[in-house]
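Heads up: the structure comes next, in structure tokens.
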Amino acid sequence: MSDLPERIEAAIGTVLPRDGFKALHEPRFAGNEWAYVKECIDTGWVSSAGKFVDRFEQELASYTGAAHAIAVANGTAALHVALQLAGVKADDEVLLPALTFAATATSVAYCGATPHFVDSAEATLGVDPVALRRHLEKTADANGGSCINRTTGRAIRAVVPMHTFGHPVELDGLLAVAADFGLVVVEDAAESLGSLYRDRHTGTFGRLGTLSFNGNKTITTGGGGAILTNDPDLAKRAKHLTTTAKVPHRWEYFHDQIGYNYRLPNLNAALGCAQLEQLPAFIDSKRRLYDRYARAFAGFRGASVFSEPEHARSNYWLQTLLLDEGESAERDAVLARTNDAGYMTRPAWTLLSRLPMYTACPSAPLPIAESLARRIINVPSSSGLA
Ligand SMILES: *Cc1c(COP(=O)(O)O)cnc(C)c1O
């Protein structure tokens, strides 16, 4: 029997005290959360309008460097509307990694479009631009600004890179492929608030980008999300579409298209304002926690700690162990052992291409994503742990 599970538990034990259950990622409320939420209740502004929504949007824009940020109900809603604004229509295809959270694909399906899965890179855990180009050269025709899948005859409209566990994908290469094949880029930056690629914030490279403030993310509003864009027209349309598409008027209820009630309530935005004030400190803690895991696993036989890619500064949202390929059969034994010891560890998502509703979707070969899915183990990552 392999001693890998036991050795991994011991190494984690040198990073985290054995004084009770350690969650994978729990929120931390150490600032103005109570004061801001109380202000909402005291003033009666708890719902879909209020000064915290405007302030949260302005502060998100200024923190990320995006010209505009639109706060919405959650990250999935943000992706849905961003894709619609990117021009994704029924019967289009959208390229996305197979190794991602379900929302990256469900939002494509909400548009009536079909996910088209592509492989990931070992160095970033996200879409591999080299493999993407090779795949498109083999399967698609790009002409006159549109990209057609030669097999299905459908238009491939957009590509949605996802910055896995906070680590930025290789954006220079990805943007070049997108430009050559006429694809709109929508970044799923749900996991990468605070992560930079060449000193610029993730989610600001594509035509639109999206964030999530779910309870397990780097900062939380309970539930929430945001759309980022530098285009003032797209920003205006994003706000309109996510607030029921009502035309402003003193008393008339007139909606000029089918909009969505995807507003972020003021209560949640109040939490978000308090959390944003602490974001730099959260990221410092998460980077210190990474250093401690990296030291604990230096020279370790059979597994390594994943480090931020070149040209990137990662928020280290989730700390990641990568088992050596030869040890991937031990993954479940490692998960069982560490969870039994009170360390909440989790494997990567089941590749979306294997979920029943997507098995018939077009896909590139996925050798790296398959390998990563066998080898990834996320370990306790809360900012409070450092
Ligand atoms: C969290 C997350 C989302 C959005 O999730 P919500 O729970 O809807 O806020 C989208 N994509 C990825 C990759 C995520 O991790």
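Bear in mind these aren't lab numbers, they're just calculated from the coordinates by the rules spelled out. Predicted, not measured: the structure shown is a model, and the values here were computed from it. Here the Cβ positions follow ideal geometry from the backbone for every residue, glycine too, while neighbour counts run over all protein chains shown.
Annotations for the structure displayed:
- Cα shape, the stretch 61-132, gyration tensor, a/c 1.5 rule: oblate
- Using only side-chain charges placed at the Cβ, +1 for Lys and Arg and -1 for Asp and Glu, the dipole size of the stretch 151-268 relative to its Cα centre rounds to 420 debye.
- Listed residue (116, 129, 212) projecting farthest to the positive dipole end of the chain, Cβ model: 212
- Over the stretch 198-338: Kirkwood hydrodynamic radius from C-alpha pairwise inverse distances, Å: 18.8
- Remark on residue 120: its backbone amide H falls under 5 Å from those of 128, 368, 369, a criterion applied only to residues 5 or more positions apart or on other chains, H modelled at 1.01 Å from N.
- The chain - mean residue ellipticity at 222 nm from DSSP helices (-39,500 (n - 2.57) per run, n ≥ 4, rounded to 500): -11500 deg cm²/dmol
- The stretch 309-354: GluC sites (Glu not before Pro) in DSSP loop, at most 15 other beta carbons within 10 Å: 310
- Range in the chain, longest, excluding exposed chymotrypsin sites (Phe, Trp or Tyr not before Pro) [loop by DSSP; at most 11 other beta-carbon atoms within 10 Å]: 22-250
- Among the GluC sites (Glu not before Pro) in the stretch 187-274, those located in a DSSP loop and surrounded by at most 11 other Cβ atoms within 10 Å of their own Cβ are 252.
- Taking 0.36 nm per residue of sequence separation and removing the Cα-Cα distance, the residue 294/residue 199 pair yields an extension gain of 31.9 nm.
- In loop segments of the stretch 39-142 as defined by DSSP, the trypsin sites (Lys or Arg not before Pro) with at most 16 further C-beta atoms inside 10 Å of their C-beta are 89.
- Note on the stretch 266-386: Cα Rg divided by 2.2 N^0.38 Å, N the number of residues, gives 1.26.
- A convex hull fitted around the alpha carbon atoms of the stretch 33-277 yields 117 Å³ per residue.
- The distance from the alpha carbon centre of the stretch 4-76 to that of the stretch 84-98 is 29 Å, rounded to a whole number.
- Farthest towards the positive end of the charge dipole of the chain, among the residues 44, 276, 372, is the Cα of 44, using unit charges on the Cβ of Lys, Arg, Asp and Glu.
- GNM flexibility winner over the chain from 37, 118, 94 (Cα, springs under 10 Å): 37
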